[in-house]
Amino acid sequence: MWPELEPLDGLPLRERFEWWIGGGRLPAGSGPGLWNALVQLLVPGLIAALESPEQGEPALTETEKKRYLGAVGDLYSYLEDHALIAEDDVLNRRLLLSLAMGEHAVSLPGSGYSPDEAVQRIVAVLTPERVAECERLAPVWTTLPKPEIARLHRAKQLVRIAVDLRDYVTDPEAVAAVSRWEPLYSVLP
């Protein structure tokens with residue numbers, strides 16, 4: 001445990017989130033490792049609490065769920081704005097939180113983390129042009145430069161998350177889009 005996080009480590013989840021919401025921040029100059037440790041103190045606990053409360057704690061109310069999901073969004077934005085985390089990593093973390101919500105049957109439309117909202121985030125990245133490019137390059141990916149292979153791999157990761165989210169999505173057009181992308185998973189690096 002990082003010494004800077006020890007005071008938070010012993011706090012109940014609600015108090016950890018209230019610390020962040022109330023303006024709590026890590027010391028200036030804290031690096032990505034410390035910030036990632038803070039994320040680990042907040043997000044997994046929230047995911048667990050979405051399904052069932054901590055021992056001896058009352059279940060989170062719908063208002064608290066939305067408030068804490070908003071706080072996670074603010075934390076991710078802070079990390080991105082301060083170059084403490086890569087944009088792709090932020091998107092992945094947001095999408096995985098949405099997937100956890102779907103798996104735990106937590107429906108909070110408008111929270112920014114519902115499965116439908118998550119798939120819309122993916123749609124914004126996997127545009128028809130990007131999908132067409134992936135289809136065109138997939139057969140020859142082994143001949144491409146490493147940065148291009150990395151871009152194709154990133155698209156594959158997004159397809160995988162979208163497919164995992166599909167069972168929880170209510171928008172038929174989004175479900176259809178994900179189904180159209182699914183074959184890419186087996187041909188991209």
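The values are calculated or read from the model by the stated rules, or taken from the named source; none is laboratory data. This structure is a prediction, so every number in the text was calculated from the model and none was measured. Methodologically, a virtual Cβ is constructed for each residue, glycine included, from the backbone with ideal geometry; neighbour enumeration extends over all protein chains shown. Please note that ligands, DNA and RNA were not included when accessible areas were found on the heavy atoms of the full protein model with its side chains. Shrake-Rupley method; radii C 1.70, N 1.55, O 1.52, S 1.80 Å.
For Y76, the accessible surface of its heavy atoms amounts to roughly 0 Å² (probe 1.4 Å, protein chains only, rounded to the nearest 10).
Spin-label model, E64 to L108: label points 7 Å out along the Cα-to-beta-carbon direction sit 1.1 nm apart. Computed from backbone phi, the HN-Hα couplings of the stretch 37-44 come to 4, 5, 4, 5, 6, 9, 5, x Hz, rounded to whole numbers (Karplus: 6.51 cos²θ - 1.76 cosθ + 1.60, θ = phi - 60°; Gly and Pro given as x). Springs between Cα atoms under 10 Å define the GNM used for the chain, and in it the highest mean-square fluctuation of V106, V159, V140 occurs at V140. Solvent exposure of the chain amounts to 51 Å² per residue of accessible area, where only protein heavy atoms count and the probe is 1.4 Å.
Defining a contact as two alpha carbons under 8 Å apart and six or more residues distant in sequence, what relative contact order in percent does the chain show? Can you show the working numbers first?
Working: 144 pairs, mean separation 33.1, N = 189.
Contact order relative to length: 17 percent.
Between T142, G24, L46, the Cα set farthest toward the positive side of the dipole of the chain (charges on each charged residue's Cβ, about the Cα centre) is that of T142.
For the stretch 1-73, what's the relative contact order in percent, using C-alpha pairs closer than 8 Å and at least 6 residues apart?
Details: 29 pairs, mean separation 25.2, N = 73.
Relative contact order here is 35 percent.
This structure gives Cα extents along the principal axes in Å, computed directly, and of [x] 72, 37, 33; [y] 96, 34, 31; [z] 52, 38, 23 that value is listed as [z].
What is the sum of charges, Lys and Arg at +1 and Asp and Glu at -1, for the other residues whose Cβ falls under 14 Å from the Cβ of P109? Could the numbers behind the result be given before it?
On the way: positive: K65, K66; negative: E62, D116, E117, D171.
Net charge in that neighbourhood comes out at -2.
Working note: Karplus 6.51/-1.76/1.60 with θ = phi - 60° gives the stretch 121-135 the couplings 4, 5, 4, 5, 8, 8, 5, x, 5, 5, 5, 4, 4, 4, 4 Hz, where Gly and Pro are set to x.
With Cα atoms defining each centre, the stretch 60-105 and the stretch 1-56 are spaced 13 Å apart in the structure.
Using a 1.4 Å probe on the protein chains only, how many percent of the accessible area of the stretch 99-189 belongs to carbon and sulfur?
Values: 2740 of 4740 Å².
Taking all protein chains in place, the stretch 99-189 shows 58 percent carbon and sulfur surface.
Dipole size of the chain about its Cα centre, with +1 on Lys/Arg Cβ and -1 on Asp/Glu Cβ: approximately 520 debye, rounded to the nearest 20.
What does the charge add up to near L99, with Lys and Arg as +1, Asp and Glu as -1, over the other residues with Cβ less than 15 Å from its Cβ? Around L99, the charge tally is -1.
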